[in-house]
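Participant: Dropping a structure here in structure tokens format, bear with me for questions.
Values quoted throughout were computed directly from the atomic coordinates according to the rules given, and no laboratory measurement underlies them. Since we're looking at a predicted model, the values are computed, not measured. Every residue, glycine among them, receives a Cβ derived from its backbone with ideal geometry; neighbour counts consider all protein chains shown.
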Ligand SMILES: NC(=O)c1ccc[n+]([C@@H]2O[C@H](COP(=O)([O-])OP(=O)(O)OC[C@H]3O[C@@H](n4cnc5c(N)ncnc54)[C@H](OP(=O)(O)O)[C@@H]3O)[C@@H](O)[C@H]2O)c1
């Protein structure tokens, strides 16, 4: 009797509970989201007690009706204004019209789920404020590291911790390029072409290879981790296009891999957020993430170091995160709540007292490659310039000469970036130095 009663109760509540979703943008993420919601509908309803119906889809060049969807069209504003729609999924990308569509949806009291990292990192503050005013949620799990539930990990799983730092490989395209350069000693431009042919890189790869995409994701993670406002303009960004197979090879000989990392650190009230190529020990967890994968390491004061690894992009992986956000909203509805009860950035009160450290104020170790004439005394000259600026040398290796020039590879001790800049300028002025100095930051994460 009791079992029968519980089943009957569950069925009733499911029938009376439907969450209507409108998807704006029917590309990789939008179509993946529809496929996952439809393909796993029974299981999702069993988990939430709510039936989730994709009621509308709108995408710029959509020509046909989509099976199982009541309205298919081309105008995302129709979805944002439709009184029947509970949740708007923004999967168009960019700012225009995404910002206005999300704004209109929030103004109309709809929850919004977006995969758009640029929108959240650069214009999210206004949208979050609007969502708060309207008592709805703005969810963005899929915007950071695709299928890896890092937003939830930072905001919920690690909520008890003071996060000291986090570091991640958060752009699969860049990591694919660096992995190929390392494994096969290939040039950057050559691998980029292959990445474009394989569909890993856009026709315009700037966002990926120059670190802008990673900076968007890092900005969002830092805001959640440290409880501070989104500060994309304070994130230092440097790409991977200047890296050479030689640097990758020399780093490996010294026991390091070069990875394009996003690093956020909070120390004594100072925050640093930076994206740049980084030498990390071959023993570090992140050194073993190859190809298009993403990974984030987070250090919490209580838990220690934790690692989150998985697919950072792709239709199904990204949809997994989009749908998880929709499920949160469905569960809230099933419990009679207006919205999921976790603050959008994880903090009821954001910290406004934290100060941003600029890149010239950071202190770290450095890899330097100096190209100089193959003449006696050149190593001593370089070493004495570093010494003049108080920069210690941890390792110094003279590589094989090509008959005219010789590469000198140096690992420095910890130094302040502004002092290193001055030392590099002085080294480049030496008559025997024939090319700009290559500088790559080294990170040990205190491990
Ligand atoms: N792809 C991934 O693996 C991934 C992972 C994480 C996050 N994201 C983020 O998810 C978002 C979408 O990425 P995506 O890869 O799915 O892009 P996509 O494949 O290019 O799809 C975007 C879709 O939006 C439509 N669209 C663009 N502007 C529109 C407008 N003004 N009105 C109506 N529809 C419009 C496009 O229509 P047309 O086909 O007519 O252009 C296209 O169908 C981006 O913010 C991206 O950064 C993507």
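Participant: Specify the angular offset, from 0 to 90 degrees and rounded to the nearest 10, of the alpha carbon long axis of helix 172-184 from the longest principal axis of the alpha carbons in the chain.
Facilitator: The two axes meet at around 40 degrees.
Participant: Find the Rg to Rh ratio for segment 159-311, where Rh is the Kirkwood radius over alpha-carbon pairs and Rg uses the same atoms. Could the numbers behind the result be given before it?
Facilitator: Working: Rg = 15.4 Å, Rh = 15.7 Å.
Ratio of gyration radius to Kirkwood radius for segment 159-311: 0.98.
Participant: Identify the residues of segment 51-76 with backbone N under 17 Å of a label point that sits 7 angstrom from the Cα of residue 18 along the Cα-to-Cβ direction, or state none.
Facilitator: 51-57, 66-72
Participant: Multiplying the sequence separation of residue 35 and residue 435 by 0.36 nm and subtracting their Cα-Cα distance, what value in nm do you get?
Facilitator: Details: separation 400, 0.36 × 400 = 144.00 nm, distance 5.33 nm.
Full-extension gain reported as 138.7 nm.
Participant: Can you give me the relative contact order of the chain as a percent, contacts being Cα pairs under 8 Å and 6 or more apart? Before the final figure, lay out each step's value.
Facilitator: Numbers: 940 pairs, mean separation 68.5, N = 447.
Computed over the chain, the figure is 15 percent.
Participant: Can you give the FRET efficiency to the nearest 0.05 for residue 162 and residue 394, using r as the Cβ-Cβ distance and R₀ = 41 Å?
Facilitator: Numbers: r = 31 Å, r/R0 = 0.75.
So the FRET efficiency works out to roughly 0.85.
Participant: For the chain, modelled as a Gaussian network with Cα springs under 10 Å, which listed residue fluctuates most, 214, 313, 203?
Facilitator: Comparing 214, 313, 203 in a Gaussian network model of the chain, the most mobile one is 203.
Participant: Okay, moving on. Can you put 140, 55 in order, fewest other beta carbons within 10 Å first? Don't skip to the answer; put the middle values down first.
Facilitator: Details: 140 28, 55 20.
So the residues, fewest neighbours to most, are 55, 140.
Participant: Another question, then. Where does each of 165, 270 land when they are ranked from fewest to most other beta-carbon atoms within 10 angstrom?
Facilitator: On the way: 165 21, 270 13.
Starting with the residue having the fewest Cβ neighbours, the order is 270, 165.
Participant: In the Gaussian network model of the chain, springs joining C-alpha atoms below 10 Å, which of 333, 259, 404 carries the largest mean-square fluctuation?
Facilitator: With Cα springs under 10 Å in the chain, the top fluctuation among 333, 259, 404 is at 404.
Participant: Let me ask something additional. Compute the normalised compactness of the chain: alpha-carbon radius of gyration over 2.2 N^0.38 Å, N being the residue count. Walk me through the numbers before you get to the answer.
Facilitator: Working: Rg = 24.9 Å, N = 447, 2.2 N^0.38 = 22.4 Å.
Against the empirical 2.2 N^0.38 Å value, I get 1.11 for the chain.
Participant: While we're on this one: For the chain, set up a GNM with springs between Cα atoms under 10 Å and report which of 102, 64, 409 has the largest fluctuation.
Facilitator: 64
Participant: To continue, here is another question. Extending each Cα 7 Å along its Cβ direction at residue 184 and residue 331, get the distance between those two points in nm, one decimal.
Facilitator: Placing both labels 7 Å along Cα→Cβ, they lie 4.3 nm apart.
Participant: Simple spin-label model, 7 Å along Cα-to-Cβ: residue 381 to residue 129 in nm?
Facilitator: That separation, rounded to one decimal, is 5.6 nm.
Participant: Which percent, nearest 5, of DSSP beta bridges in the chain are antiparallel? Before the final figure, lay out the partial values.
Facilitator: Working: 50 of 77 bridges.
Close to 65 percent.
Participant: With bins 10 Å wide starting at 0, give me the P(r) of segment 87-167 over every alpha carbon pair, in whole percents.
Facilitator: Spelled out per bin, shortest first, that is 18, 47, 28, 7.
Participant: Right, here's the next one. By how many degrees, 0 to 90 and rounded to 10, does the Cα axis of helix 315-334 deviate from the longest principal axis of the chain?
Facilitator: Roughly 50 degrees between the two axes.
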